[in-house]
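S.K.: One structure coming up, written as structure tokens, with questions to follow.
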Amino acid sequence: MGILRDQRDSGGLMRLEIQCADRIGIAQEILNILVNYQVDLKGIEVDALHCKMYVSFPPIEFDQFQKIMPEIRLIDGVDDVKTTAFLPSEREHIELNTLLRALPDGVISIDNKGLIRLCNDAACRDLNLEQESLIGENINSYLKGFNFSRWLESEQVLGQTTRVDINNEDFIADILPISIPDSDDSLTLAGAVINIKSQSRLGQQVSAFRRQGNESFSGIASHSSAMKRVVREARKMAQLEAPILISGETGTGKELLAKACHYASNRSVKPFITLSCASLPDDVAESELFGYVSLDDDTLTKRGVLEQADGGTVFLDEVGEMSSQLQTKLLRFLQDGTFRRVGSESEVKVNVRILAATQKDLPGMVQEGAFREDLYYRINVLNLEIAPLRDRKADIVPLAEFFIARYSHQLGRAIPSLNEACVDYLQSYPWPGNVRQLENSIYRAVSLLDESELGVEHIQLPSFTQDLGYLESDFEGTLDQAVKRFESTLLRKLYPAYPSSRQLAKRLGLSHTAVANKLREYGINRKTIKV
């Protein structure tokens with residue numbers, strides 16, 4: 001029943017994605033099966049490029065569904081049939097609406113008569129009106145100083161950038177015509193899209209463009225193509241209002257990138273506050289994020305991170321460590337911007353942008369039920385993935401030289417050079433701790449260095465070989481102790497995904513008794529491991 005329930009939750013319709021050959025009549029055969037089972041077809045789309053057909057219909061009984069799927073698969077030319085959450089057109093519609101909502105500048109669409117067809121949330125705020133009262137109204141009634149009707153009726157309709165007046169405030173308007181090609185390759189004017197921007201918004205953008213220093217993107221080393229792409233995408237995302245999910249291994253610089261996004265945004269003059277979801281107990285994390293009201297004295301309150309950052313940005317580090325209760329409260333806040341302090345029944349509303357980071361496989365956690373699916377899609381509107389340092393070798397030496405210069409200045413010493421052997425060593429090392437490990441190793445080397453040249457002998461790192469991997473230089477204990485440590489670590493990592501000795505035994509290819517004994521030996525159970 002899970003398949004049917006999931007589809008009912010997505011707009012009250014079921015949807016099928018059918019991979020099939022490009023054969024005349026195959027679509028009719030598929031539709032005949034649906035007709036035979038009296039299925040009320042609501043939509044059909046064909047993706048000729050990828051040889052796929054999509055159909056949507058109201059929810060049906062599970063028994064009926066079990067009969068339809070095999071019959072469709074038996075049609076000559078059908079390669080695969082599976083349920084899908086959206087038809088392609090529905091996905092495009094949702095993505096477009098999400099993008100329009102996320103844009104910080106007002107966007108208005110008008111038809112060829114100058115009547116408003118669509119406007120995003122930012123435009124409604126600028127016009128100080130609800131969207132329902134704007135649809136169908138003439139644009140000339142709201143944007144003064146430019147004759148849209150005359151422009152639309154002119155022989156050659158060209159894009160314009162002009163100043164307009166909105167509620168006695170000056171705005172810059174970029175006006176772009178929308179033309180649709182006809183069958184004879186001529187263009188027919190269908191309307192226009194108008195992008196409006198206030199003077200204060202323009203000033204904020206100029207300020208963000210000019211801002212320099214370690215807190216902006218100029219402080220991020222991006223010599224590799226992978227990091228250049230991340231920074232390029234982050235610069236664009238910084239100007240939007242939607243949440244950003246930054247993923248990457250520990251030590252890759254996720255918080256540094258989040259700070260750069262904040263200081264390059266319109267929120268740069270407001271606070272940037274970090275909350276580590278991994279370092280705080282659940283109850284403490286909840287009160288830190290949302291604040292609390294004392295049970296003994298309701299006048300004694302503490303403002304949480306969200307209130308302190310009003311108008312600015314909150315960075316949730318290791319968001320995958322959030323408890324289910326905290327996930328639920330955060331989801332509600334992301335939906336309408338309101339929350340309740342711990343111990344209070346009063347609603348608090350703030351304007352905060354959420355940036356989040358994780359080194360975990362959140363999609364995998366969603367499938368395992370360890371992370372809310374709806375929250376994942378809320379925080380993953382925009383996403384950035386920072387590659388590990390070992391996959392962007394072009395960044396290693398510039399980063400090393402940057403850290404050498406930084407710590408040499410701090411220690412009041414001349415900046416040493418890197419010899420060729422050390423350069424080769426740094427570039428060949430796989431850096432499991434990424435940039436943080438590189439920085440720490442350089443700091444130690446510079447602090448203890450007596451020469452003017454930094455060599456391999458000055459860099460202290462766990463040894464590594466391609467065949468054996470890492471070996472800590474201070475390894476202690478016996479082989480049996482090392483094996484037990486490995487067993488304990490492995491079982492602790494797998495237990496949340498396989499929270500019973502039988503499931504875990506099947507996953508590891510061991511007997512139920514053997515796994516149960518090991519779990520008991522290492523004290524691994526539902527009380528000690530969060531499932």
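S.K.: Could you please state how large a percent of the accessible area of the chain is carbon and sulfur, counting protein chains only and using a 1.4 Å probe?
M.R.: 49
S.K.: Can I ask one more? Considering amide H positions built from the backbone, and no H for Pro or chain starts, which residues 5 or more places from SER179, or on another chain, come under 5 Å of its amide H?
M.R.: So SER179 has HN proximity to ALA190.
S.K.: With percent of Cα pairs over 47 Å apart in mind, check (i) 30; (ii) 20; (iii) 13 and report the label derived from this structure.
M.R.: Identified label for the calculated read-out: (i).
S.K.: Let me ask another. Accessible area per residue of the chain at 1.4 Å probe, in Å²?
M.R.: It amounts to 56 Å² per residue over the chain.
S.K.: Enumerate the amide H contacts of VAL78 below 5 Å, restricted to partners 5 or more residues apart or on another chain; note that Pro and chain-start residues carry no placed amide H.
M.R.: ALA21
S.K.: In whole Hz and in residue order, list the ³J(HN,Hα) couplings for the stretch 40-57 that follow from phi through the Karplus curve 6.51 cos²θ - 1.76 cosθ + 1.60, θ = phi - 60°; x for Gly and Pro.
M.R.: Values, residue by residue: 7, 5, 10, x, 9, 9, 10, 9, 5, 5, 9, 6, 10, 10, 10, 9, 9, 7 Hz.
S.K.: Can you give the charge dipole size of the chain about its Cα centre, rounded to the nearest 20 debye, using +1 on the beta carbon of Lys and Arg and -1 on the beta carbon of Asp and Glu?
M.R.: Charge dipole, the chain, about its Cα centre: 920 debye, nearest 20.
S.K.: Next question, about the same structure. Classify the stretch 74-186: rounded, prolate or oblate, from the alpha-carbon gyration tensor (a ≥ b ≥ c, eigenvalue square roots; a/c under 1.5 rounded; otherwise prolate if a/b is larger than b/c)?
M.R.: Note, shape of the stretch 74-186 comes out oblate.
S.K.: Work out how much length ARG117 to ARG390 would gain on full extension: take 0.36 nm times their residue separation and subtract the Cα-Cα distance, in nm to one decimal.
M.R.: 93.3 nm
S.K.: Here is a follow-up. Which ³J(HN,Hα) values in Hz, rounded to whole numbers, follow from the phi angles of the stretch 346-357 under the Karplus curve 6.51 cos²θ - 1.76 cosθ + 1.60, where θ = phi - 60° and Gly and Pro get x?
M.R.: Karplus values, whole Hz, x for Gly and Pro: 7, 7, 10, 10, 9, 10, 9, 9, 9, 10, 9, 9.
S.K.: Now a separate question. Can you give the calculated 222 nm mean residue ellipticity of the chain, where each DSSP H run of n ≥ 4 adds -39,500 (n - 2.57) and the sum is split over every residue, rounded to the nearest 500 deg cm²/dmol?
M.R.: On the way: 21 runs with 213 residues, N = 531.
Result for the chain: -12000 deg cm²/dmol, rounded to the nearest 500.
S.K.: Using the structure shown, list the pairs from LYS228/LYS493; LYS270/LYS302; LYS42/LYS67; LYS349/LYS493; LYS259/LYS393 with a Cα-Cα distance above 27 Å, or answer none.
M.R.: Cα-Cα > 27 Å for LYS228/LYS493; LYS349/LYS493; rest within.
S.K.: Sticking with this structure for a sec: Among LEU316, LEU31, PRO70, which residue has its Cα positioned farthest towards the positive end of the charge dipole of the chain, with +1 placed on the Cβ of Lys and Arg, -1 on the Cβ of Asp and Glu, and the dipole taken about the Cα centre?
M.R.: Toward the positive end, the furthest listed residue is LEU316.
S.K.: Moving on to the next point. Would you work out which of TYR376, TYR429, LEU280 lies farthest towards the positive end of the dipole of the chain, given +1 charges on the beta-carbon of Lys and Arg and -1 on that of Asp and Glu, about the Cα centre?
M.R.: Positive-most Cα among the choices belongs to LEU280.
The values are calculated or read from the model by the stated rules, or taken from the named source; none is laboratory data. Keep in mind that this is a model prediction, so the values were computed, not measured. Here the Cβ is made from the backbone with ideal geometry for all residues, glycine too, and neighbour counts use every protein chain on show. To get the accessible areas, we keep the full protein, side chains included, count just its heavy atoms, and leave off ligands, DNA and RNA. Shrake-Rupley method; radii C 1.70, N 1.55, O 1.52, S 1.80 Å.
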